[in-house]
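The values are calculated or read from the model by the stated rules, or taken from the named source; none is laboratory data. Not measured: the values here are computed from a predicted model. Here the Cβ is made from the backbone with ideal geometry for all residues, glycine too, and neighbour counts use every protein chain on show.
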């Protein structure tokens with residue numbers, strides 16, 4: 001494989017939310033955890049389910065379903081927390097994202113990715129990097145850095161530090 005071929009292939013961690021397949025660039029994923037006890041933090045946005053203790057560090061856990069206008073993620077045998085790295089104002093922040101289940105690590109060549117759909121001017125879809133095509137299904141590739149606004153995450157992290165510091 002040549003260097004050019006390597007740069008055209010990207011790996012994504014695929015996961016499900018209410019039957020739909022989504023993906024994060026694998027370079028943004030630290031690990032995947034089984035669902036664990038989440039401690040609710042008062043006065044945080046609804047999509048912030050709380051915090052977990054990850055080897056001595058406090059990590060906020062966000063519910064992607066709630067952020068995307070779906071119902072709250074319920075705990076099942078497959079529910080997991082994807083530990084990711086998000087850039088906020090040039091700083092790397094660790095957070096957990098709830099998923100119904102993790103599917104697989106998928107190698108997706110760039111020619112199998114369509115641009116994000118344009119759905120009018122009022123709906124923001126800039127958090128969608130693209131639509132990956134695998135066999136006869138679409139994989140919605142998310143940009144974790146753009147799912148939550150800087151203001152939303154600043155609100156979560158400022159409250160988080162107030163409650164733990």
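Values computed for the structure shown
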item: Scope segment 87-102; condition modelled with pLDDT of 85 or more and outside any strand (DSSP E or B); matching residues; result: 100
item: Matching residues, segment 36-52, being surrounded by 11 or more Cβ atoms within 10 Å (Cβ to Cβ) and either more than 16 Å from residue 64 (Cβ to Cβ) or within 15 Å of the chain's Cα centre (by Cα) (or both); result: 36, 39, 41, 47, 48, 49, 51
item: Residue 55 within 26 Å of residue 108 (Cα to Cα) and over 14 Å from the mean Cα position of the chain (by Cα); result: no
item: Sole exception among (1) over 15 Å from the mean Cα position of the chain (by Cα); (2) more than 19 Å from residue 130 (Cα to Cα); (3) in contact (Cβ under 8 Å) with a residue 12 or more places away in the chain for residue 90, by number; result: (3)
item: Among residues of segment 37-73, those that are farther than 15 Å from residue 102 by Cα and not in a strand (DSSP E or B), counted; result: 19
item: Where a residue in segment 2-15 is on the phi < 0 side of the Ramachandran plot and modelled with pLDDT of 50 or more and its partner, wherever it lies, is assigned to a loop (DSSP other than H, G, I, E, B) and surrounded by 10 or more Cβ atoms within 10 Å (Cβ to Cβ), with Cβ under 8 Å and at least six apart; result: 15/100
item: Qualifying residue in segment 110-123 (condition: modelled with pLDDT of 90 or more and under 16 Å from residue 27 (Cβ atoms)); result: no
item: Number of positions in segment 67-85 that are buried (at least 19 other Cβ atoms within 10 Å of the Cβ), closer than 11 Å to residue 28 by Cα and in contact with a helix residue (DSSP H, G or I) (Cβ under 8 Å, 6 or more places away or on another chain); result: 1
item: Close pairs from segment 48-65: first without any contact (Cβ under 8 Å) to a residue 40 or more places away in the chain and at positive phi, partner buried (at least 18 other Cβ atoms within 10 Å of the Cβ) and in a strand (DSSP E or B), Cβ under 8 Å, at least 6 apart; result: 50/60; 50/61
